[in-house]
Amino acid sequence: MKKIEFYTHPIVGKENRPTSDKYIMLSYFLSDLSDIKTIEDTVSEIKLVQNNQKTFEQVFSDKHGTISIGVTAGTFECDEENVYLISNNTDLEPSLTLPLQEFINILVEWKNFLK
């Protein structure tokens, strides 16, 4: 099932929208990644975790501290198998767990759409 749709808004430009409310945190995360270099860096860093070369903390904590989603929507974490988009307000925006490779594929699709 497709979780995110990419579209070009006539005024705002390239955007994404979730196909269901349960994917809102994914949409927020993608919206925070608006340039190709940042997406490429994020994918490279996630692949270090996926390949067990480094832990999430080794890759992201020193560089970013916590990775916020949106202004105050939540935080991002991952391990070698899954991505966790953790909501700060689960009544409005549910947390989401995705397989890591699926998340990487979505990031690559987003990058290609933004080109």
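Can you quote the Å³ per residue value for the convex hull of the Cα atoms in the chain, rounded to an integer? The partial results should precede the final answer.
Numbers: hull volume 11.9 nm³, N = 115.
Once divided by residue count, the hull of the chain is 103 Å³.
Here the chain has 48 percent of its accessible surface on carbon and sulfur atoms, given a 1.4 Å probe and all protein chains in place.
Step through the table entries 3/111; 22/115; 3/115; 2/111; 14/47; 54/115, compare each Cα-Cα distance with 24 Å, and write down the pairs that go over it. The partial results should precede the final answer.
Values: 3/111 16 Å; 22/115 27 Å; 3/115 20 Å; 2/111 16 Å; 14/47 26 Å; 54/115 29 Å.
Those over the limit are 22/115; 14/47; 54/115.
The trypsin sites (Lys or Arg not before Pro) of the range 1-33 that DSSP puts in a loop, and whose beta carbon has at most 14 other beta carbons within 10 Å, are 2.
If 21, 41 are ordered by their accessible area, calculated over protein heavy atoms with a 1.4 Å probe, which sequence runs from highest to lowest? Could you put the intermediate results ahead of the total?
Working: 21 130, 41 50 Å².
Output order, biggest surface exposure first: 21, 41.
For residue 102, what charge total do you get from the other residues with a beta carbon under 13 Å from its beta carbon, if Lys and Arg give +1 and Asp and Glu give -1? Provide the component values of the computation, followed by the final result.
On the way: positive: 2, 3; negative: 81, 109.
Summing Lys and Arg as +1 and Asp and Glu as -1 gives 0.
The values are calculated or read from the model by the stated rules, or taken from the named source; none is laboratory data. Small disclaimer: the values here were computed from a predicted structure and weren't measured. Here Cβ is always computed from backbone atoms with ideal geometry, including for glycine, and neighbour counts include all displayed protein chains. Just the protein is used for accessible areas: all its heavy atoms, side chains included, with ligands, DNA and RNA removed. Shrake-Rupley method; radii C 1.70, N 1.55, O 1.52, S 1.80 Å.
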